[in-house]
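A quick write-up on the structure given underneath.
The values are calculated or read from the model by the stated rules, or taken from the named source; none is laboratory data. Since the model is a prediction, treat every value here as computed from it, not as a measurement. So basically every Cβ, Gly included, is an ideal-geometry build from the backbone, and we count neighbours across all protein chains shown.
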Amino acid sequence: MTTDRVRRTLLYVGVGALLAGAALTLKGLRRSGPGSAEQNAAQAGLRSVTVIDDPQPLPAFELASPAGPLTRDSLRGRWTFLFFGYTQCPDVCPTALSLMAELQRQLAPPQRPAVLFVSVDPQRDTHELLAAYVPAFDVTFRGASGSDAALAALVKHLGVMYQRHPPAQAEHPGIYTVDHTASMFLIDPQVRLRGVFSPPHDLAAMRADYLRLTGA
């Protein structure tokens, strides 16, 4: 891995850990009380996830996807991993999607979660590009995107943040990077946030924690 790629990876991981911490602080205000016996019991033995137990469902949203509009109700009835990124991400996004694809392969079909990749780069991530990129990791994975306004309520609820950087040279307006939260968010079948998997991600630990949280 080149020095530049290492720097980018560390940046994404740092941003992801920092912003996941902000999300957990926000969600902690919604819990029944810090340090409760129920919370401590839920977290005990889990290695890669912070249990949230948000009593409120995700806010209503509508994103665009290759298969048509995607809303909160599209996630209802099944465990879902949400990940925010962009298709031209050099390191973190393909690594995360590859890890999720391997997780799917290690689970029996009834245990497998849905995986939704939400682009924070709608200008470049067209329906055609999302349709080619996301299912390349696993044919069941879905991709969606939306304007900043369309994403606002969802990212605020989860504590997700992102920032697009202008191109270094004006003659290359389509070449730029996006810093974004690198955590994975586990949503339960009632579309409530159940847990946050913060980087660095470990497949074995994620699998064990996911199975325990979902009772699969």
Item to complete: Check off (1) of a type in the set (A, V, I, L, M); (2) farther than 30 Å from PRO55 by Cβ; (3) more than 18 Å from the chain's Cα centre (by Cα) for ALA149 and give me the number that stays unchecked.
Response: (2)
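Per-residue answers, yes or no, for (1) under 26 Å from GLN163 (Cα atoms); (2) outside any loop (DSSP other than H, G, I, E, B); (3) modelled with pLDDT of 95 or more:
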position: ALA23; (1), (2), (3): yes, yes, no
position: GLY35; (1), (2), (3): no, no, no
position: GLU38; (1), (2), (3): no, yes, no
position: ALA60; (1), (2), (3): yes, no, yes
position: PHE81; (1), (2), (3): yes, yes, yes
position: THR95; (1), (2), (3): yes, yes, yes
position: VAL118; (1), (2), (3): yes, yes, yes
Worksheet, complete the sentence: Here the residues within segment 149-167 that are part of a loop (DSSP other than H, G, I, E, B) and closer than 17 Å to SER119 by Cβ are VAL160, MET161, HIS165
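So that you can scan it fast, the table gives a plain yes or no per residue for (1) small (Gly, Ala, Ser); (2) within 20 Å of TRP79 (Cα to Cα); (3) crowded, with 19+ Cβ neighbours inside 10 Å:
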| residue | (1), (2), (3) |
| --- | --- |
| ARG124 | no, no, no |
| GLU128 | no, no, no |
| ALA132 | yes, no, no |
| GLY143 | yes, yes, yes |
| VAL155 | no, yes, yes |
| GLY174 | yes, no, no |
| PRO189 | no, yes, no |
| ALA205 | yes, yes, no |
Worksheet item: Residue check: is ARG164 under 18 Å from LEU103 (Cβ atoms) and among the charged types (D, E, K, R)?
Response: no
Discussion item. Tell me whether segment 94-105 contains one or more residues that are buried (at least 18 other Cβ atoms within 10 Å of the Cβ), touching a helix residue (DSSP H, G or I) at 6+ places or on another chain (Cβ under 7 Å), among the small types (Gly, Ala, Ser) and within 27 Å of ALA205 (Cβ to Cβ).
Written reply: no
Worksheet item: Restricting segment 180-207 to residues that are closer than 12 Å to PHE81 by Cβ and assigned to a loop (DSSP other than H, G, I, E, B), which is nearest to the chain's Cα centre (by Cα)?
Response: SER183
